[in-house]
Amino acid sequence: MKNVIELQLPISEGYALGGSDQARQIYEEQLKDKLTPEVINQGALIKFPEHIIIIGSCFMKALMEPFVQTLGAYQVRQKIHFQTSSEKLTKEVIRDIN
């Protein structure tokens with residue numbers, strides 16, 4: 001996949017992501033300008049750093065909310081893919097998009 005966005009989350013900030021405020025900040029700073037409709041249409045991969053081992057459902061809902069509102073949850077799941085520190089966590093992240 002050619003459209004890869006690697007989230008920049010320093011180890012010093014911890015190993016977990018949670019809460020809608022943190023998600024909105026990451027969306028504004030790291031995704032908003034990179035995940036354009038053209039990029040999404042081609043397919044995109046969002047990579048979480050390996051040190052992130054917990055991603056809360058509220059975080060994912062808030063992070064993907066702008067895309068779900070414009071595309072719908074089904075299209076987001078089809079066009080935006082995720083890579084996390086484990087297969088189990090990746091499945092949880094995808095499940096939390098609605």
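The values are calculated or read from the model by the stated rules, or taken from the named source; none is laboratory data. What you see is a predicted model, and the numbers here were worked out from it, not measured in a lab. Backbone-built Cβ (ideal geometry, glycine too); neighbour counts: all protein chains shown.
Condition first: surrounded by 14 or more Cβ atoms within 10 Å (Cβ to Cβ), assigned to a helix (DSSP H, G or I) and either modelled with pLDDT of 95 or more or of a type in the set (Lys, Arg) (or both). Now tell me which residues in the range 71-92 satisfy that.
77, 79, 89, 90, 92
Could you tell me whether the range 31-40 includes any residue that is more than 20 Å from residue 78 (Cβ to Cβ), of a type in the set (Val, Ile, Thr) and touching a strand residue (DSSP E or B) at 6+ places or on another chain (Cβ under 7 Å)?
There is no residue in the range 31-40 that is more than 20 Å from residue 78 (Cβ to Cβ), of a type in the set (Val, Ile, Thr) and touching a strand residue (DSSP E or B) at 6+ places or on another chain (Cβ under 7 Å).
Please determine, by comparing only the residues of the range 1-22 that are in a strand (DSSP E or B) and farther than 13 Å from residue 53 by Cα, which one is farthest from the chain's Cα centre (by Cα).
In this case the residue turns out to be 4.
If you take the residues in the range 1-37 that are over 19 Å from residue 96 (Cα atoms) and in contact with a Gly (Cβ under 7 Å, 6 or more places away or on another chain), which one is modelled with the lowest pLDDT?
Residue satisfying both the conditions and the ranking: 1.
To keep it simple, each residue is scored yes or no on (1) out of contact with any Phe, Trp or Tyr (no Cβ under 7 Å at 6 or more places or on another chain); (2) of a type in the set (Gly, Ala, Ser); (3) closer than 16 Å to residue 91 by Cβ; (4) not in a loop (DSSP other than H, G, I, E, B).
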residue	(1), (2), (3), (4)
41	yes, no, no, yes
52	no, no, yes, no
60	yes, no, yes, yes
69	yes, no, no, yes
